[in-house]
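Peer 1: Can you read through this structure? Questions will come right after.
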Amino acid sequence: MTANNPAEDAIYVEANNVTIRDLSINGAGNDRAGIYLIRSSNCTIENNELLNDALGIYLKNSAYNLILNNKAAEGKRAVNVDRSNYNTVSGNTVSNQRYGIYLLVSEGNLVSNNMVSMSADHGIVLESCSNTSLENNTASSNEDNGIHLVGSSGNNLTGNTVDSNLVYGIYLTDSSRNNLTNNTALNSSRGIFLFRSGESVLSGNTVSNSGDGILIASTENSNISENTVLDNSVSGISLQNSSTCVISDNILSNSTLGINLAFSGNSTVINNSVLGGGRGLNLQDSNYNTLFNNTALNNRYGAYLLRSGWNVLSNNTVNESDDHGIVLENSSNYNDITSNIASSNRAYGIYLAGSNNNNLSSNEASGNSRGVYLITSNGNTLLKNTVLNNGEYAILLSYSSGNNISENEASNSNRGIHLSTSSDNTLSGNTIVSNSISGVYMASTSNNNIFFNNYLNNNVNADVKQGSAGNILNTTKTAGTSITGGPYIGGNYWAKPDGTGFSQTAADADGDFIADGVFNVSNSGYTDYFPLVVASETQQPVIPANITDSQTETLTNESEMPANESELDIIATESITNETETTTHENESEYEYESEYEYESEYEY
């Protein structure tokens, strides 16, 4: 059937209970339809072929109609549902349109099992629609977005596949309270993108081979859970300028930024697995977030905070990174880093650069090249961390002051606790044993540090360089339980693996767990005036009052800083701030975020 007049619709229906089936319709002109239903209900349009009709099938002010198994090619809009409710659009094949299927100001419609491809703009569009279900549709190779929602709320998108669309797979703008479940988004610049579209749920989706996998921008109160996000070149799951969102139980791999929060706050990231990417968990300019019980393995960095404060990182596992496990950099202040495992990372387990007043407690950093490193980082607390079996250092401070390092275990490394040009720090209650080069080291430029109530058992317990000033190796004898279980806190316990350490052989005639003599650290000019002992039922032998550590560090040409130590190991060149950071590794461009998004506010009919 060919339209008699290209200025008119080929078939015009204004009636109920009409069936149009098995027709070939073409030639409807500009802004005209092959089949036009207006104010019609309970009609069926089925198994028709429409070619080169500007508007293929057009419903207006019509309800409870069926549009089934039609084919439409080479037009402007293949299926149009305009101010029409409770219709079913199912099993249609649409190609080479400007828009494939377009719903406008409609509600309660079902759009299912359609195939829409090669549209000049979007494949399937909902504009100002609600309570609509998009189910099991395929939208592929469209030149803009596969599925596009604008100003549409309360809809369900389930089981759809969007593949190889030029811009976005699924894009929601100014659309809230939508559910996106079990969709597959592949091969687009962004797989699923929500902009100003809050209170939405994204669950069970698979997103891969895109720039951004799932991007949530300027959005609140959304839940992103149980998605599989793979092989995305920019980010896996990203929040930008968003708040009070939950990202949980997702599996991500091989994304440059795994889970990324930028300029976002008050959100929760919990129970996710991030494998084999660039930065597993990445926060940039993001505050007051909680990251709990996530696993980041085999990334370049496990967790990376840049200019981000007041966040909680707890019970995360960040292992086997190519560089560092946990990084806090460039004024990442007042964070709470607790009960994390940062092990078997190629460089540092935990790395702070230019970051102050953070709490690092009860973390485990083992099997790294270096355990915990603070550079130009002040006022931090390191409490009850287990730092074992690291290569070069257990705990290293460089150009860092005012830190409190207490009740940590720093053992089985080359150096236990190492202060390089770091002053005014307090080190107490630490266990520092079985380190091959030195237990505690203070450079000649490390001044006014307080070191007391620590347990040392190394061949060289202390290497305090001459030229330093004001360091103190004990506190005033004070009632309280010492690290050896005695009734007084005073100095430190000085032992050696062969049993000949000062505290192992010193007399304690009055049984106060304080040696009767003082302990002088070799070639340093420093003295522990209240060295601790462990009480014994057998009277300990009396030895001279002033004993020095006869062994000093065997490395004679060690500089105060390792030769290859750079102030920052990481590069982040950011277009937002034009700020350049240095690194010993290859240059890495910081992810550029869009501050504004352009979208069509009106569509051409």
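The values are calculated or read from the model by the stated rules, or taken from the named source; none is laboratory data. Predicted model, so just to flag it, every value in this text is computed and none were measured. Cβ: placed from backbone, ideal geometry, glycine included. Neighbour counts: every protein chain shown. Quick note on the areas: whole protein, heavy atoms, side chains included, nothing else; ligands and nucleic acids left out. Shrake-Rupley method; radii C 1.70, N 1.55, O 1.52, S 1.80 Å.
Peer 1: What tally of residues in region 204-226 results from selecting those that are part of a loop (DSSP other than H, G, I, E, B) and over 20 Å from residue 140 (Cβ atoms)? Before you say what the answer is, go through the steps one by one.
Peer 2: So in region 204-226, the residues part of a loop (DSSP other than H, G, I, E, B) come out as 204-205, 209-211, 218-219, 221-222, 226.
Still in the list and also over 20 Å from residue 140 (Cβ atoms): 204, 218-219, 221-222, 226.
Final tally of qualifying residues: 6.
Peer 1: Any idea which residue in region 305-320 is nearest to the chain's Cα centre (by Cα), counting only those that are without any contact (Cβ under 8 Å) to a residue 60 or more places away in the chain and within 21 Å of residue 241 (Cα to Cα)?
Peer 2: Result: 305.
Peer 1: Turning to a different aspect of this structure: May I ask you to list the residues in region 29-50 that are crowded, with 20+ Cβ neighbours inside 10 Å, outside any loop (DSSP other than H, G, I, E, B) and small (Gly, Ala, Ser)? Break it down into steps so the answer makes sense when it comes.
Peer 2: Our first condition is that a residue be crowded, with 20+ Cβ neighbours inside 10 Å; within region 29-50, this holds for 32-37, 40, 43, 45, 48, 50.
Filter once more, keeping what is outside any loop (DSSP other than H, G, I, E, B): 33-37, 45, 50.
The answer is 33, 34.
Peer 1: Now for a different question. Using beta carbons and a limit of 7 Å, which pairs, at least six apart or on different chains, have the first residue in region 353-376 and more than 16 Å from residue 340 (Cα to Cα) and the second one open to solvent by less than 20 Å² (accessible area, probe 1.4 Å) and β-branched (Val, Ile, Thr)?
Peer 2: What qualifies is 353/375.
Peer 1: Does any residue in region 147-167 that is without any contact (Cβ under 8 Å) to a residue 40 or more places away in the chain come within less than 6 Å, Cβ to Cβ, of a residue that is among the basic types (Lys, Arg) and open to solvent by 30 Å² or more (accessible area, probe 1.4 Å) six or more places away or on a different chain, and which pairs are these?
Peer 2: Every condition considered, the pairs that remain are 153/177; 154/177.
Peer 1: Under 6 Å between Cβ atoms, which residue pairs at least 6 apart in sequence (or on different chains) link something in region 14-41 that is over 14 Å from residue 72 (Cα atoms) with a partner that is of a type in the set (Asp, Glu) and surrounded by 21 or more Cβ atoms within 10 Å (Cβ to Cβ)?
Peer 2: 32/9; 36/9
Peer 1: Search region 501-522 for residues that are assigned to a strand (DSSP E or B) and pair each with any residue that is open to solvent by 10 Å² or more (accessible area, probe 1.4 Å) and acidic (Asp, Glu) when their beta-carbon atoms are under 8 Å apart and the residues are at least 6 apart or on different chains.
Peer 2: 514/508
Peer 1: Here's something else I'd like to know. Scanning for something of a type in the set (Ser, Thr, Tyr) and within 25 Å of residue 396 (Cα to Cα), does region 533-540 turn up at least one residue? Walk me through how you get there before you give the answer.
Peer 2: Start the filter on region 533-540 by keeping residues that are of a type in the set (Ser, Thr, Tyr), which leaves 536, 538.
Cutting the leftovers down to within 25 Å of residue 396 (Cα to Cα) gives us none.
Among the residues of region 533-540, not one is of a type in the set (Ser, Thr, Tyr) and within 25 Å of residue 396 (Cα to Cα), which makes the answer no.
Peer 1: Let me confirm something: among 230, 166, 180, 186, which residue is more than 23 Å from residue 263 (Cα to Cα) and out of contact with any strand residue (DSSP E or B) (no Cβ under 6 Å at 6 or more places or on another chain)? Lay out the reasoning, then the answer.
Peer 2: Working: 230 fails: out of contact with any strand residue (DSSP E or B) (no Cβ under 6 Å at 6 or more places or on another chain); 180 fails: out of contact with any strand residue (DSSP E or B) (no Cβ under 6 Å at 6 or more places or on another chain); 186 fails: out of contact with any strand residue (DSSP E or B) (no Cβ under 6 Å at 6 or more places or on another chain).
From the options 230, 166, 180, 186, the qualifying one is 166.
Peer 1: Continuing with the same structure: Return the pairs, sorted by first residue and then second, in which the second residue is assigned to a strand (DSSP E or B) and open to solvent by 10 Å² or more (accessible area, probe 1.4 Å), the first residue lies in region 199-220 and is modelled with pLDDT under 95 and of a type outside the set (A, V, I, L, M), the beta carbons are less than 7 Å apart, and the residues are 6+ apart or on different chains.
Peer 2: none
Condition check ((1) touching a Ser or Thr at 6+ places or on another chain (Cβ under 7 Å); (2) open to solvent by 20 Å² or more (accessible area, probe 1.4 Å); (3) at negative phi) across all residues:
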{"site": "11", "(1), (2), (3)": "no, yes, yes"}
{"site": "15", "(1), (2), (3)": "yes, yes, yes"}
{"site": "27", "(1), (2), (3)": "yes, yes, no"}
{"site": "52", "(1), (2), (3)": "no, yes, no"}
{"site": "89", "(1), (2), (3)": "no, no, yes"}
{"site": "94", "(1), (2), (3)": "no, no, yes"}
{"site": "105", "(1), (2), (3)": "yes, yes, no"}
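Peer 1: Would you check which residues across region 304-314 are surrounded by 24 or more Cβ atoms within 10 Å (Cβ to Cβ) and either of a type in the set (Asp, Glu) or over 15 Å from residue 330 (Cβ atoms) (or both) and list them?
Peer 2: Residue satisfying the conditions is 313 alone.
Peer 1: Any residue that is at pLDDT 95 or above, open to solvent by 50 Å² or more (accessible area, probe 1.4 Å), closer than 23 Å to residue 210 by Cβ and assigned to a strand (DSSP E or B) - is there at least one of those in region 262-276?
Peer 2: Yes, region 262-276 has at least one match.
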